Every structure is written in structure tokens, then in C-alpha cells.
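One structure below.
We did not get these values from a lab; they are worked out from the coordinates using the rules stated. Just so we're clear, the structure is a prediction, and the values are computed from it rather than from any experiment. Glycine also receives a Cβ, built like all others from the backbone with ideal geometry; neighbour counts cover every protein chain displayed.
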């Protein structure tokens, strides 16, 4: 796993973090690093747990469906309100269009259930995927209160 520092638009002194994901061990490490990352941004323990859960789900999907990929954690700042951007990327098989529709529907069943549940843990979620071309998931969570 690598740590990259980039100039951020915000005044946050925290660096962007890139985590390589290729094994079950990496899932655990990503969850722990994500939790620590957002606690350092000032998030509550309960919000840190929600973000860590979302990161764990993203990392698990990378290992299960793409074998390897990465998760990037970026601090955000919206006029003094801290946030975090979590980006998961892989070059796996992608999500077929029929399954993508289930991500946004209310249908029962387990099609993409983990991703659908994960969307409820954050403030904003974008999923870009095409069969045969990998998947990118971007999540934003803002500190409330």
C-alpha cells in the first residue's frame, strides 16, 4: 500500500491516501485506514464506523469480482465543513446493465444488495461501470453537526 500526498484545494493538512486492494488482508487494512483517516478529519466515531463499513464493502467487491484494484481516500472541505471522498477503482468485469438497474431500484432480492446498502451509509454515491471495462465507485460523506 502506498501513501501519496497531493496539494489539496482545502486547508486540510491530511494527505490523499491510495490503498492497493488484492486480498482479504487488504480489506481489513483498508477498513482500519479509512476509519483512522476520517477520525483525523474530525468525524464522530459513529460516522467513522459507517464510512469504514462502506470502504469494507467496496474492497470486498474488488477482491471478489475484480481480484485487484484500489481505494483512494481524499479529504474534502466545503467552506470549513470537512468531508471525505472515497473512490474505488478496478479493471474487473464491470457490472452488467441489468444488474446496474437493480442498484437504484427498490426490488427485493440480493442483486447488488451490498452496494445498495452501502449507498445508504453516505451522503453521495456515483457508480460508473460497463461490462468488460471495470468499475469506479465514488462516495462522499460530510461531517454533520
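Brief remarks follow.
- In this calculation the C-beta distance from residue 78 to residue 131 is compared with R0 = 25 Å, giving a FRET efficiency of 0.10.
- Averaged over residues, the count of other Cβ atoms within 10 Å places the peptides 126-134, 20-28 in the sequence 20-28, 126-134, highest first.
- Panel order for 17, 36, 135, 53, by other beta carbons found within 10 Å of each beta carbon, from fewest to most: 36, 53, 17, 135.
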